[in-house]
Each structure stands twice: as C-alpha cells, then as structure tokens.
Amino acid sequence: MDEILAKSAQSSAPALWVGAAFAVSFGLVVAGSLGAALLKNLLHAVLFLALALLGVAGLFLMLSSTFLFVVQILVYVGGVVILLIFGVMLTSKMAQPDIPPRNRQTLAAALLALLLFCATAYVLTTHPWMVSAEPPAVPVAEIGVGLLQKYVLPFEIVSVVLLVAMVGAIVLARREPESK
Amino acid sequence: MVGASELWQQMRYLMPEGLLLCAGLVILLFDLVVKKGRSLYPLAMLATAGAAALALLPLESSEPLFFGMIQSDAFARYFKVFSALAGFLVVLMSMDYKPLPARFVGEYLGILVLALAAIMLLAESTNLLMIFLSLEFLSLSSYILVGFLRNDKKSKEASLKYFLFGAMCTAVMLYGFALLYGASGSLDLPAIKAAFANRQNTPLTCLAMLFILAGFGFKVAMVPFHAWVPDAYEGAPTPITAFLSVGSKAGGFAVLLRVFFTVFPGLDYHPYWLAVVGVLAVFTMTVGNVIACSQDNLKRLLGYSSIAQAGYVLLGFVVMDGRFTQPAVMIYLLAYLFMNLGAFVVVIVIANTTGQEEIDDLAGLSERSPLLAWSMFIFLLSLAGVPPLGGWIGKYYIFATLVKGYLEGLSGGNLMLWFAVALAVNSVIAAYYYFRIVKAMFFEHARERMARPVVGGPLLTALYVSLILTFAVGLWPQPFLNWVSRMALPLL
Amino acid sequence: MGPTLDQMLVLSAALFGIGMIGTIVRRSTIAVFMSIELMLNAANLAILAFGRAHGVMEGGILVFVVMTVAAVEVGVGLAILVALFYFRDSTNLDEIDQLKG
C-alpha cells in the first residue's frame, strides 16, 4: 500500500498527472481556506475547511508522506471537522443572521495579511535553502522508530497532555445544578 | 544508540518534573476515591515541596538528555526550583480561596501540578518539537484553570479570550519553527545553531525570530501580545492569576533566554535585535503602566502592572550579552515571584472578606488589619522598585545591564541609555498607581459593615514566606546573586 | 518531478495569510477556531515540504505531534465555548463583553 502510493506520487506517474494533481490540491487549498475564513454561513465555512484540509492531505501525498496523508484525513477531516460541525450545530440557535459576520477591521486586516504574505513569500522564495536535489522519500517505518526512540519523551508527554485536556474539557463543559 | 539502561540513568535528572507528573496523575486518580477534595491539598503541597527539594539537589548535566530533547543544566534547575516554589505558594493560596468549586478540587490541583511540570519541561527543552509540546502543555492547562470557576460568566469568557489569543500566537510561533527547520534541516537547537554559525543575518532569520517572538511574547505578556492579560487575570480564580503572573511568565522567559542565547549568538544580528526588542520592551512597560493608572479592579491593575514588569525584564534582553543579561533577568524574576505572589495573597484575603476585588475594598485596611495593610505596602514598594526591597535589586540589575552595555561600547550603546531613561520614567508612572492603593489602605476610611479580614493559616504562611523573601532578596542580595550567576546558561 | 519546494512554500504562505485574515476579521468564535486551524496547516505544510527537501524524518514527527495537539486544542476550545453557552446566547466575540478587554 505504502509503496504503491509513494510510487504513484513519485517518478513513475507521468508528469502531467502529477501536475494536474498538484493543480487540484492547490485549488482545493486556496478555495477551501478562503471559504473557511470568509464565508458567512458557518456550516458552509466548516465544509470549505474540510476541502482545504483535504487539499493539504493531497499535498502531503505529493510530498510522499503517505502516513501523514492518512493521519491528516483521519484526525483533521474525520475528527476536527466533525467536532467543529458539532460546535456549529450546538450553537446554531444563537446565530443571529442580521449581524455582519466580519468586524470593522476587515480592510486593515486584509492589507496586513497581504503584506505578511508578500514578505513571507518573498523571503521563502529568495532564501538559499541548502537542500539536496531529490533525497529519497522517508519510509513510514522511520517515523515509527523515531517516535519510540529519539522522540520517546515527547511521545510520553503527549499522552499526559491528552489526559489533561480530557479531564479539563469535562470539568469546563459540565453544567452545574442550580441549587448548590 | 542509547540503550534502555542509559535512559533509566538519565531519568534521575528528571526527578522534580517526574515527581510532579506522578503526583498530578495520582491526585487525579485519588479524586475518584476520596470523598472530600480538601484532603488532596496536603498531597499537592508535599509534591511541590518535594519537587523544590529535588530540584535543589546539585544534579545537573551539560550533556543533552533523551536524544537531545532536553538539557537538564543549572539553568533548567534554577527554573525548576522557581516553578516548584511558585507552585507551593499557589497551592497554599488556593486552600482558602472560597470561590473555588469544592467538588472539583482534585481536578484543579491535578492540572495545576501538571502545569508546573510543563514549566520545568519548557525550561529544559532543547528541541523545537519539545518546546512546542511543553508550551502547549502549559497553555492548555492554563486555559482550563482560568475557566475553572463554576457559574461564573467572567471566568469562562476569560478562558475563551485567553484560548483564542494563545492558539493564534502558537500557530504563528510554529510557522517560525518551520522556517528554522527549513534553514537547518534539524529540530535540535544545537544543530540549528551550527547551521547559523557563520552566516550573516538574513531576512529569513529576522522573520523566524519575529514569528517565534509572538509565541514566547504571548507567554511573558509582551506588547502587542498582551491583549489577553487584563481579561484573563480578572476572570481567573485569583490563585491562578498569581500562577499566570509568575509561573507561566517565568516559563516564557526561560525558553526565550535559552532559544535566543543558544541558537542565535552565531548570528550578527545585534542592531536589529536591539531596536526591535528595545522598542517592544519600552512599549510593553509604557502601555502596562499608563493603562494601569486608570484601573479600579485590583486584579486588572496587577495584570497591567505585570505587563509593565515584563517590559522591565525584556529590557535585559536588549544587551545580548550572557554575562549581564542572564543574572539580571533571573534575579528580577526571583524578586518578582515573591512580591507579586504576596500582593495576590492580600487580594485573596480581601476578596474572601468583601466578595470583590476593587481598590475601594481596601479602604481603611490599615485600621481593619494592620498586618495585611503593611504587607501590601511592602509588596507595592518592592514592585515599584524602592530600596532596600527585592524589586529594587532586580530593577537595579536591569538598569546596570543597560549602563554596562553602554560603557562597554556595545553597538547601539546610545540607544541603551535612552532605554535606561525610559525605565526610570516608567518607574515614576508606576509609583503613581501603586500609591493609589496605598492611599486607599491608609488614608481612606472603611465603609460601614466592612468586616475585619480573617487570614487563615495557609494564607498567613504564604504571606510570611513572600514577605520574608522579598526582604531577604533586597537586604542580603549577595547569596541570591551568587546562586543566580552560578545557574546561568554557559556562555557560548 | 513533483511540485517544487518554492511552490509548496508560496502555497503555505498564502494559507498562513488567509488564516491570519480570518483570525483578525471574523466575529464568530468557531470561525476564528477554523482560521487558526488554517494557520497550523500552513505551518505543517511548510514543515513537511522542508522535511521532504532535506530528506529527514523529524519534520514528519513534528507534524504528527502538531496534528495531535491541534485536535486536543479544538476539543478544549469547544468545551470552553459550550460552557459559555450556559450563560449567554451568542458566539459573537464582540458581544462577549463581561470583561472590559
């Protein structure tokens, strides 16, 4: 499975297909993120977010990271998006349609972000990255070994973070009976 | 490759945070069995005191541990002692804090103790992944603790604002990490330093530093990443406000020191650094001090005051010279720990008595409780930097750092003199609002039916400890200074 | 063969900028959550592109941890939001004004 995916993403696929796949992912990411960030209807925005996240997953595949492609879809598209949809549904009765979805700083924010984008893109494309031409893709096994060897301490700490978040979320969201 | 036995050997450097992690989990577990949450307080006190004692043991290693994830050197040990001590005092303060929901004491203490472990991990991380993870660990537990009050709209709002701001700053910081990773091909700080060793300052490094500063600046409450402070401070349970103002701020400064001293000395970035950080520091203290003048809520006022204090400490970073900066920052934080926690102890007692935390509630405190009034007076004098108290020593060293930087002819020396002047001017502004509190306590009369504040044992202990140490750092600074300079990061 | 490093980086910068606009401009809390997720994804994309270019696995692990923590963050954020709803009927940030802010 792994090799097939990696192969199809890499040299054996015709350049045209790779280009097309990249174009599709690119489109998904840009359109999805614009929709997620700007659409007024929150449910639509969440669905656009899912598109953007799928696009990112596609790009992960093109970077021959099959493992993260799967994780991205499982955790983000399957987990985070569902969670957000729950959030939107739970709070939908509070949504007031007559209020503009954006605050008054829209223009300033857009200019700021455009500036930030230009600066970042300029720096990123002009910096002489010291990278080798085309190193071999990193196999999944290496990530697994890395997680349990070099990164074993963070791996253990993540579990504590998950526990804290779980306990905390329960305590925060629990409704207290009025009479107490 | 390091074997399991060797990892086991390395565990002994992790004893303080290991103890706290275990204690946190045990508290969460016991909470399920124990009927009364209050019986968990001794456990939390024991854990924090034990962690402080373990951190004081001279167990340190300049070798990278756990495959370069952390480095448990003297510098990390200093912040371990610091956070365990702060944690001990915060637990004491929580014991008599009435609004805390009795049913959730176990969760509260467990998460608090784990957050202390997160500060320790943050201070010793030498890998970008580890820094990100421990920062998020600390942030997530802080968001939860801030929103802990039941049936309290303010607390939940504070938590939400803190959360949104924090998540955004973390995302920006992560982008900065991505840039560093791209430039060096590694997440380990030493490897990143090596990649930058003989390179000129590039636009990339500037951008990366700015992005990273967003994440760390959020933790230390630097302008323009300070917007969460007043709301989170006002809405949070007061012991947690105290914890945020010293614990999580110290964690931010620790990682700031480590990253900027171990990664970037290879770069010739001094002029940029001087201008950016210096101006940000001056803005930070000015904004904090000026807005504090118009505050009536004690917690908000102390919040703005803590922004200003962060500005003073940041000025120490303007002189990027390990000999001066580190001891100055570390001694300032030590003094700040005791004077600020002490002030919050008084706020808790007042809130327990009158149910709110306005300056008016302090009216006539000198008649109702001379002990509290005079202690508050001492803490405020120390915060204002009046000799011979702890805060003065801290401020003096920051000031001296700037002057030394000027005298030694470091580049941009003239700017440093201006920064020193800004520090002096700001101290005068700060004196104004501290004096407002003093005026209320000593020169105004208590309103009718204002009860005499009752100080219970735990709060009294915390008060005395803070008081004694505020005096000690100010009157006998030498042992503390020696200790602090021994704990500084090795110069590269 | 595949997309070049520069293409990936520019795309990630664009994603980051769009997320930034969203966090500043939007009033709805959930929309701000989403924009923050976009920014995190931008960082992940850049990290993975760099990791591919350098041929090392560390980037992959960082991305993995970031994904985990981001999911946790959303969980806690929604818990706070739900807690807030017991008190009030709006998710608009401008109306969350109990604190002076």
* helices (runs of 4 or more DSSP H) contained entirely in the stretch B:181-268, each with at least 3 residues that are in contact with a helix residue (DSSP H, G or I) (Cβ under 8 Å, 6 or more places away or on another chain) and at pLDDT 90 or above -> B:203-220, B:229-235, B:238-243, B:249-262
* Just one of B:41, B:78, B:97 is aromatic (Phe, Trp, Tyr) and not in a helix (DSSP H, G or I); which is it? -> B:97
* Flag if residue A:25 is assigned to a loop (DSSP other than H, G, I, E, B), surrounded by 19 or more Cβ atoms within 10 Å (Cβ to Cβ) and at pLDDT 80 or above -> no
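Residue by residue, here is whether (1) aromatic (Phe, Trp, Tyr); (2) farther than 21 Å from residue C:46 by Cα; (3) free of Cβ contacts under 8 Å to residues at least 12 places away in the same chain holds:
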position	(1), (2), (3)
B:173	no, no, no
B:181	yes, no, no
B:185	no, no, yes
B:188	no, no, no
B:195	no, no, no
B:205	no, no, no
B:217	no, yes, no
B:240	no, yes, no
* Within the stretch B:358-397, considering residues that are part of a loop (DSSP other than H, G, I, E, B) and in contact with a His (Cβ under 8 Å, 6 or more places away or on another chain), the one nearest to residue B:437 (Cα to Cα) -> B:363
* To do: Determine if the stretch A:68-75 includes at least one residue that is closer than 18 Å to residue A:30 by Cβ, in a helix (DSSP H, G or I) and within 11 Å of the chain's Cα centre (by Cα).
  => yes
* Return the residue satisfying two criteria in turn: it lies in the stretch B:132-165 and is under 20 Å from the mean Cα position of the chain (by Cα) and charged (D, E, K, R), and of such residues it is farthest from residue B:102 (Cα to Cα). => B:136
* Asked: residue B:129 fails exactly one of the following numbered conditions: (1) surrounded by fewer than 24 Cβ atoms within 10 Å (Cβ to Cβ); (2) part of a helix (DSSP H, G or I); (3) over 21 Å from the mean Cα position of the chain (by Cα). What is the number of that condition?
  -> (1)
* Out of the residues in the stretch C:1-23 that are polar (S, T, N, Q) and assigned to a helix (DSSP H, G or I), which is farthest from residue C:62 (Cα to Cα)? -> C:23
* Asked: Which one is modelled with the highest pLDDT among residues in the stretch B:25-38 that are outside any loop (DSSP other than H, G, I, E, B) and within 16 Å of residue B:100 (Cβ to Cβ)?
  -> B:27
* To do: Could you tell me whether the stretch C:24-36 includes any residue that is in a helix (DSSP H, G or I), more than 7 Å from chain A (Cβ to nearest Cβ), touching a Gly at 6+ places or on another chain (Cβ under 6 Å) and under 23 Å from residue B:128 (Cα atoms)?
  => no
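Residue-by-condition table, conditions (1) crowded, with 24+ Cβ neighbours inside 10 Å; (2) more than 20 Å from residue B:450 (Cα to Cα); (3) at pLDDT 95 or above:
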| site | (1), (2), (3) |
| --- | --- |
| B:318 | yes, yes, no |
| B:323 | no, yes, no |
| B:330 | yes, yes, no |
| B:354 | no, no, no |
| B:366 | no, no, no |
| B:373 | no, no, no |
| B:384 | no, yes, no |
| B:398 | yes, yes, no |
| B:405 | yes, yes, no |
* Quick check: is even one residue across the stretch B:135-144 in contact (Cβ under 8 Å) with a residue 60 or more places away in the chain and facing chain A (nearest Cβ under 8 Å)? -> no
* Structure fact -> The one condition residue B:151 fails out of (1) buried (at least 24 other Cβ atoms within 10 Å of the Cβ); (2) without any contact (Cβ under 8 Å) to a residue 12 or more places away in the chain is (1)
* Asked: Filtering the stretch C:33-60 down to residues that are buried (at least 24 other Cβ atoms within 10 Å of the Cβ) and among the β-branched types (Val, Ile, Thr), which residue is nearest to residue A:148 (Cα to Cα)?
  -> C:47
* **the stretch A:120-151, residues that are outside any loop (DSSP other than H, G, I, E, B) and facing another protein chain (nearest Cβ under 7 Å)** => A:120, A:121, A:123, A:124, A:125, A:142, A:143, A:146, A:147
* Looking at (1) at pLDDT 90 or above; (2) more than 30 Å from residue C:58 (Cβ to Cβ), can you tell me which one residue B:22 breaks? -> (2)
* Asked: Looking at this structure, is residue B:175 part of a helix (DSSP H, G or I), within 22 Å of the chain's Cα centre (by Cα) and within 24 Å of residue B:254 (Cα to Cα)?
  -> no
* Considering only residues that are within 8 Å of chain B (Cβ to nearest Cβ) and either among the hydrophobic types (A, V, I, L, M, F, W, C) or more than 14 Å from residue B:142 (Cα to Cα) (or both), look in the stretch A:155-168 and name the one that is surrounded by the fewest Cβ atoms within 10 Å (Cβ to Cβ). => A:163
* Structure fact -> Listed by first then second residue, the pairs whose first member lies in the stretch B:56-68 and is within 14 Å of chain A (Cβ to nearest Cβ) and in a strand (DSSP E or B), whose partner is surrounded by 18 or more Cβ atoms within 10 Å (Cβ to Cβ) and among the aliphatic types (A, V, I, L, M), with beta carbons under 9 Å and at least 6 positions apart or on separate chains, are B:65/A:153; B:65/B:14
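The values are calculated or read from the model by the stated rules, or taken from the named source; none is laboratory data. Keep in mind the model is a prediction, meaning the values are calculated, not measured. In this analysis, Cβ positions are derived from the backbone assuming ideal geometry, glycine residues included, and neighbour counts consider all displayed protein chains.
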